[in-house]
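Notes to accompany the following structure.
Each value in this text was obtained by applying a stated rule to the coordinates, not by laboratory testing. Note that this is a predicted model, so its numbers are computed, not measured. No Cβ is skipped: glycine too gets one built from the backbone with ideal geometry, and neighbour counts run over all protein chains shown.
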Amino acid sequence: MSDYTMSESKYTLKTSVGDFTGAELRNSVTGEPQTYLYSQIPYAESFSGENRWEKPVQLPSDHDYTGDYSSFGFQAPQPKIDNKELEYISPDVPSSEDINYVNIWVPSGTPPPGGYPVFIYIHGGWLQYGDPNKFENPRELHGSHGLMKYIIVNPGYRLNVLGFFASTELQKLNPGNTNLGFWDQRAAIEWVYQNITYFGGNPEKITVGGLSAGSYSTFFQLAYELYNPKVSQIIKQVVHFSNALLVQPKAIKEVDEQYEELLTLLDIPLSLTPEEKLSHLRNVSADKLMEVLPTMKQHTFRAVSDNIFIANTLLSDLKSGKFSKLLLQKKNFNIVIGEVANEPYLYSVLDTPTSQEELIVQLENYYPTAAVKEMIKLYPTVPNSLPEVEYHEQLRQLFGTIVADGQVYASSRGYVKNLVNNGFPKERIFRYKVSYRPKYLDQLLDPYHGVIHGMDQKVWFLGIGATEEEKRLIETFIFPFNEILGFADPKKINWGTLTEKQYRSISPTGETSVIKDDDWQWGTSVAETVITAQLHSS
């Protein structure tokens, strides 16, 4: 499954924990080494069999890692998306429950004193889809002579029902076995902290970030450390690509109906004991589970407030200032956070509702009922009197707009406002907006849509295919971003913004500038409405 699209040969890194044979990726013109890739390095025991729906188990301290890590692994099991526009998100490729591995991209050359900084990048996909192997190849980034270099680590983690299955019964059976996908990510983060020195990395300079659901995950990984000060404080800064926190995840009792729906669809009697139900579920193949998920009313398995990994008071603490006070204990902590120009489009074409009633159902796959009830009041209702085609089109657009606000526009602005209002320094928040796309992307998506959700990864990681002029424009924009990830002297980082109501922007034509956020008032008012509704309902 190796697809590096450049010259490659195998390279063996000899360490005291084993010999890692990876791929040496070279410039296809000059032959100059640019990146070393080590794929499928395990960070935990198998996730399959009796370990399905169990927390990740750490590998023994004497584990011998010697092996060939030059080829990508399988993706996590995930349902098929019945939409040609979105096939790239969840392609029909082999999958495995054993997604217990990391991919590591190491710049060529001699590491700086102390080792390379490290960026642990968590992939997105609604927590339902995605693949650590589809990360934007950083060959050009690592080959650039004008940007700071850092190691990139892509962890695999369990998704959908395999990673976020929960119910009151299951919690009583084993209180710790909720939010398993987040526990996987945490196990990977701890593995990196313990082992990255073997790859030339600096464990004291670790940034955690990700796209979309990966950004959402990043928030909870940070919160886990803040609320558990006795665990290793690994995360030194974070990057939020197109997501933040707007809602407190559902209480476990709120997903009991989803749990029973799945059991019913799988013909597992509800009269069985919790132990018997779990045993039956473990005997259902992953393929069968993925086949059933799209038929469910509540088809999206997301994080739950279990008060173990996710504190029940996260949202209220963000509002009251407790979260900011905890965050201030992490000295010199940076937050990069932002969006792309057209966030709504991608959200609008997945699970698109066809009626007002279904709009509510689809929104409740994302958010608690109390939040949906207030959120829906902020937007105009699509008139039933419209011709059918126009009605469905307006409903699609409305759905995309609401979810894009909830996931990105309002969530990020509300998050930033609450942090700053409660004492977190605005100088440590680096907001951005990406409206630029290299020309080669026109082959993948109609340029009419501009930069859609996730397309900015081609910018941040200097995607292969850009022209030399496009690279020049992109490097100008991302230069201070690389300085942040490189843990450069904060006084020398020229992001350009002066307040939290501004962002660093790259325009459709590639110009970098600092822009006033004209959507600040709308985004923060939506956030305030949704947050207040939840706090009043609890």
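Things to note:
- Test: residue in segment 269-280 that is touching a residue at least 24 places away in the same chain (Cβ under 8 Å), assigned to a loop (DSSP other than H, G, I, E, B) and more than 30 Å from VAL434 (Cβ to Cβ): no
Residues are listed down the side, and each one gets a yes or a no for (1) in a helix (DSSP H, G or I); (2) surrounded by fewer than 18 Cβ atoms within 10 Å (Cβ to Cβ):
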{"position": "VAL372", "(1), (2)": "yes, no"}
{"position": "PRO380", "(1), (2)": "no, yes"}
{"position": "LEU386", "(1), (2)": "no, yes"}
{"position": "GLN394", "(1), (2)": "yes, yes"}
{"position": "LYS433", "(1), (2)": "no, no"}
{"position": "ASP442", "(1), (2)": "yes, yes"}
{"position": "TYR448", "(1), (2)": "yes, yes"}
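- Among residues of segment 224-258, those that are under 19 Å from GLY209 (Cα atoms) and surrounded by 18 or more Cβ atoms within 10 Å (Cβ to Cβ), counted: 17
- Strands (runs of 3 or more DSSP E) fully within segment 113-223 that include at least 3 residues being over 16 Å from the mean Cα position of the chain (by Cα) and buried (at least 22 other Cβ atoms within 10 Å of the Cβ): 116-122.
- Given (1) in contact with a Ser or Thr (Cβ under 8 Å, 6 or more places away or on another chain); (2) closer than 30 Å to THR207 by Cα; (3) part of a helix (DSSP H, G or I), number of the condition LEU346 does not satisfy: (1)
- Of all residues in segment 235-258, those that are within 22 Å of LEU363 (Cβ to Cβ) have Cβ atoms under 6 Å from Cβ atoms of residues that are surrounded by fewer than 22 Cβ atoms within 10 Å (Cβ to Cβ) and hydroxyl-bearing (Ser, Thr, Tyr), 6 or more apart or on another chain, in ILE252/THR168; LYS253/THR168; ASP256/THR168.
- Strands (runs of 3 or more DSSP E) within segment 1-102 that include 3 or more residues crowded, with 20+ Cβ neighbours inside 10 Å and touching a strand residue (DSSP E or B) at 6+ places or on another chain (Cβ under 7 Å): 18-26, 33-42
- Residue pairs meeting the criteria (Cβ under 6 Å; at least 6 apart or on separate chains; first under 23 Å from GLU85 (Cα atoms), in segment 447-471; second among the aromatic types (Phe, Trp, Tyr) and surrounded by 16 or more Cβ atoms within 10 Å (Cβ to Cβ)): HIS449/TYR345; ILE452/TYR345
- Residue count, segment 500-532 (criterion: part of a loop (DSSP other than H, G, I, E, B), in contact (Cβ under 8 Å) with a residue 60 or more places away in the chain and under 15 Å from VAL420 (Cα atoms)): 1
- Restricting PHE309, PHE323 to residues that are surrounded by 21 or more Cβ atoms within 10 Å (Cβ to Cβ), in contact with a helix residue (DSSP H, G or I) (Cβ under 7 Å, 6 or more places away or on another chain) and assigned to a loop (DSSP other than H, G, I, E, B) narrows the list to PHE309.
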